[in-house]
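So the structure is just underneath, and the comments pick up after that.
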Amino acid sequence: MEDSWHQLSPKTGFVVRLADRLTDQSWQTLTQLYQPIIGPLAAGLFSGLFWLPQRSRLHRHGRLLAALGVDLAHLYAARLRLEATGLLTTTVKQENDLTTFCYTLHAPLVPARFFRDDLLSVQLLDVLGEETYQDLVTTTATQVTSAADEENITKNFLDVFHVDGDELSHLPTAVTTSRQTLSTEAAGPELAPTSDFDFHLLGEILRRSFVELKSVQPHRELLLTEHTTYGLDELTLAHYIGEATNLATNQFDPEQFKRLIAQRFGQEHRGRPVSAASPTAPATPAASTDSAQQALIKLASETVPANFLQAIKQKTGGFVTDGEQRVIRDLVGRHLFPTSVLNLMVYHVLVDEDRPTLNKALLDTIANDWSKAKVATPEQAIAKIRERQQAASRPRSRQNRRNAPTVKETLPDWAKKTPQAQQPVDQKLSSKQKQAINARIARFKQRHPGKEES
């Protein structure tokens, strides 16, 4: 459904539902980890919706506005931040010309899962800085470990319960059938096809090292994101995993892993000279010839996003910033588009619109537009670029004049007098009054200078 901003007003109704049970740790995580990202207003909106009396009943948005002391624009912006971070799901229903929103609250992720999430962890790092971020990791996500003189005698599931091994190898039909009916709304985004990456080979390489495989397995999505963004093969990723693993505990550190790759990419491309012999890219996909357009599509399809971005910056004499690397990784990690489409999005911003750097807000806007249009091929991406350029080329002033309402001014009563009421004064005097005035004027002309008329 299209953006629901136009449907929102103080009188619009809403109800609140809870998808998860919130614990004391949930509120602590909301304050310590989520609030730096979403801001205090969004955190206050989450709390306000949760603690709303009789929240399952119909309420008006005016109640939220009064409680939070904000206007609709700020309330809507706070709602979007909750939705973007997975804390809120918004649905809308139209019935008998009445609009009703349903706000479903989701519990914040536990700290360990929060720090494993690429988007949330990178955004928190950007907001707080590395020192504060590391302090939060240490204080909120540290696992309780046994003392050196203690022996762990905890039993696992199979120690206590007997399960037929054949049933685990070949799951019963009742189990597999019922799983198909389960809701998938809470599941994460589907991963991009991984046929070009061999996790089995990566596992074999890591087994020969000191890395604890169990600490790497939860970060499958992160490995795919780095592989897709930078074009790293299994052996290279295994090398970075080894560098990001604590030698004392053999535990993999995903944040260190991301920093190492980003730093190495920056070091490898820093100071590279611009190739004067390289051909100039077409000015815009809309104005390019078919052959130039096909060449651009071929290049976008065969180049990983980080190298494609670097090639554009090299032609323009710029360099890839750390923030731009994070923006690219963010787009790749969402798994919304194939690599070719992502590259054309970057090309459009940097070349067509002649932007010096990638603007995250602008890319998010374009990505949302293309996602709604279900852009999945380079050809569809170029078509959307043409639409955007055509819309931008329309004269804004003419559109404003065409869309501006006509204002009709009403004259006040005093301005509506008839010509008869506005006749000269001498036409209203009688002949006798005129004679008296003329005589008075004649006497005034004959008097001596300085003599007052009696």
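The values are calculated or read from the model by the stated rules, or taken from the named source; none is laboratory data. Everything numeric here is computed off the predicted structure, so don't read it as measured data. Cβ placement follows ideal geometry from the backbone for every residue including glycine, while neighbour counts extend to all protein chains displayed. Just the protein is used for accessible areas: all its heavy atoms, side chains included, with ligands, DNA and RNA removed. Shrake-Rupley method; radii C 1.70, N 1.55, O 1.52, S 1.80 Å.
Overview of results
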read-out	value
Hey, residue 351 open to solvent by less than 20 Å² (accessible area, probe 1.4 Å), among the β-branched types (Val, Ile, Thr) and within 25 Å of residue 389 (Cα to Cα) or not	no
Members of region 109-132 found to be within 20 Å of residue 330 (Cβ to Cβ), open to solvent by less than 40 Å² (accessible area, probe 1.4 Å) and touching a residue at least 12 places away in the same chain (Cβ under 8 Å), listed by number	114, 115, 118, 120, 121, 122, 124, 125
Any hit, region 75-83, residues being assigned to a helix (DSSP H, G or I), in contact with a Lys or Arg (Cβ under 9 Å, 6 or more places away or on another chain) and not aromatic (Phe, Trp, Tyr)	no
Within region 201-221, tally of residues that are touching a residue at least 40 places away in the same chain (Cβ under 8 Å) and surrounded by 21 or more Cβ atoms within 10 Å (Cβ to Cβ)	0
Any hit, region 133-149, residues being modelled with pLDDT of 85 or more and outside any helix (DSSP H, G or I)	no
Hey, residue 261 modelled with pLDDT of 90 or more, open to solvent by less than 30 Å² (accessible area, probe 1.4 Å), out of contact with any strand residue (DSSP E or B) (no Cβ under 9 Å at 6 or more places or on another chain) and among the aliphatic types (A, V, I, L, M) or not	yes
Residue in region 92-102 that is part of a helix (DSSP H, G or I) and more than 27 Å from residue 138 (Cβ to Cβ) present	no
Close pairs from region 228-257: first closer than 29 Å to residue 300 by Cα and modelled with pLDDT of 85 or more, partner of a type in the set (Lys, Arg) and open to solvent by 30 Å² or more (accessible area, probe 1.4 Å), Cβ under 7 Å, at least 6 apart	254/116
Selection count where residues are open to solvent by less than 30 Å² (accessible area, probe 1.4 Å) and within 14 Å of residue 262 (Cβ to Cβ), scope region 294-321	5
Region 33-61, residues that are more than 29 Å from residue 368 (Cα to Cα) and not aromatic (Phe, Trp, Tyr)	52, 53, 54, 55, 56, 57, 58, 59
In region 41-60, the residues that are open to solvent by 20 Å² or more (accessible area, probe 1.4 Å), part of a helix (DSSP H, G or I) and not aromatic (Phe, Trp, Tyr)	41, 44, 47, 48
